[in-house]
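The values are calculated or read from the model by the stated rules, or taken from the named source; none is laboratory data. Quick caveat, the model's predicted, so the values are computed rather than measured. Glycine gets a Cβ as well: all are built from the backbone with ideal geometry, and neighbour counts include every protein chain shown. Quick note on the areas: whole protein, heavy atoms, side chains included, nothing else; ligands and nucleic acids left out. Shrake-Rupley method; radii C 1.70, N 1.55, O 1.52, S 1.80 Å.
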Amino acid sequence: MISIQNVNKWYGDFQVLTNCSTEVQKGEVVVVCGPSGSGKSTLIKCVNALEPFQQGDIVVDGTSIASPKTNLPRLRSRVGMVFQHFELFPHLTITENLTIAQIKVLGRSKDEATQKGLALLDRVGLAAHAHKHPGQLSGGQQQRVAIARALAMDPVVMLFDEPTSALDPEMVNEVLDVMVQLAQEGMTMMCVTHEMGFARKVADRVIFMDRGQIVEDCTKDTFFGDINGRSDRAQQFLAKIL
Ligand code: ADP
Ligand code: MG
């Protein structure tokens, strides 16, 4: 579903991604972890074509991002993205937040978009909040709306960039529960997160990044089961977070 092929990216003189390659199969859940500044957000934004890269290619469901023929807005509409900060539209109601892109980007009717949006809102346990504005919801609730909003576009993959790291601790689980459910339903997911409980529960693979490189790319069982077999940098990182 996602093929990252020898991607190199620079910000000016600074190389932020070095020879990054990996694949994510349909239905697979891949957790990306690593120290702050290691390039996790940049890599995930490249998958959504939110950041350009200078070398290599990323192919999402058969569509090459590097190909000049690719319609990038169309590709982005098929890749769901959930950020650390919820980025809901503050002046719109929850229903409007859930429907605006369906209507404007996918050309759905207001009725169809509303039906879909409300069904997804129900799925994340927030049906009673449809008429509210984002500011009236807690951080955890807003993040669940952000996930529902991304799902409303019928994405072929979902990307998450530290979706729980800005939340108060008591709200982390309600968001992780939604992500676990999605994973168990077979969604293809690439998740930057340091929630190793989530990784242990649903990840198929764990990628560890350091200084712009993919240092480890292995099954969850290998990653957690044989810590001594991991690279020094991964061991140091795990010692801090586990
Ligand atoms: P992570 O998500 O792993 O914390 P990032 O992908 O955000 O790392 O950043 C990787 C590196 O790239 C960091 O050193 C960061 O300072 C740098 N960086 C990120 N965005 C930019 C930018 N727009 N311009 C220049 N440097 C950037
Ligand atoms: Mg980041």
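Observations
- Within the range 208-219, the set of residues being open to solvent by 40 Å² or more (accessible area, probe 1.4 Å) and without any contact (Cβ under 8 Å) to a residue 40 or more places away in the chain comprises Thr219 only.
- Taken over the range 175-187, the criterion of being within 25 Å of Ala113 (Cβ to Cβ) and in a helix (DSSP H, G or I) is satisfied by Val175, Val178, Met179, Gln181, Leu182.
- Beta carbons closer than 6 Å, at least 6 apart along the sequence or on distinct chains, never pair a first residue in the range 76-105 that is over 20 Å from Val172 (Cα atoms) and of a type outside the set (Ser, Thr, Tyr) with a second that is open to solvent by 60 Å² or more (accessible area, probe 1.4 Å) and modelled with pLDDT under 95.
- Unmet requirement for Gln235, which otherwise passes all of (1) within 16 Å of ligand 1 (Cβ to nearest atom); (2) open to solvent by 50 Å² or more (accessible area, probe 1.4 Å); (3) in a helix (DSSP H, G or I): (1)
- Here Ile44 fulfils each of the conditions (1) more than 10 Å from ligand 1 (Cβ to nearest atom); (2) closer than 22 Å to Arg74 by Cβ; (3) touching a Leu at 6+ places or on another chain (Cβ under 8 Å) apart from (1).
- Counted residues, the range 47-82 - those being under 26 Å from Arg144 (Cα atoms) and either within 16 Å of ligand 1 (Cβ to nearest atom) or not aliphatic (A, V, I, L, M) (or both): 14
- Residues satisfying the stated conditions in the range 146-166, i.e. open to solvent by 10 Å² or more (accessible area, probe 1.4 Å), outside any helix (DSSP H, G or I) and either more than 16 Å from ligand 2 (Cβ to nearest atom) or among the charged types (D, E, K, R) (or both): Met153, Asp154, Pro155, Val156, Asp161, Glu162
- Subset of the range 193-225 that is assigned to a helix (DSSP H, G or I) and small (Gly, Ala, Ser) - its residue that is farthest from Gly27 (Cα to Cα): Gly225
- Enumeration of residues in the range 172-192 that are surrounded by fewer than 16 Cβ atoms within 10 Å (Cβ to Cβ), in contact (Cβ under 8 Å) with a residue 12 or more places away in the chain and more than 21 Å from Asp154 (Cβ to Cβ): none
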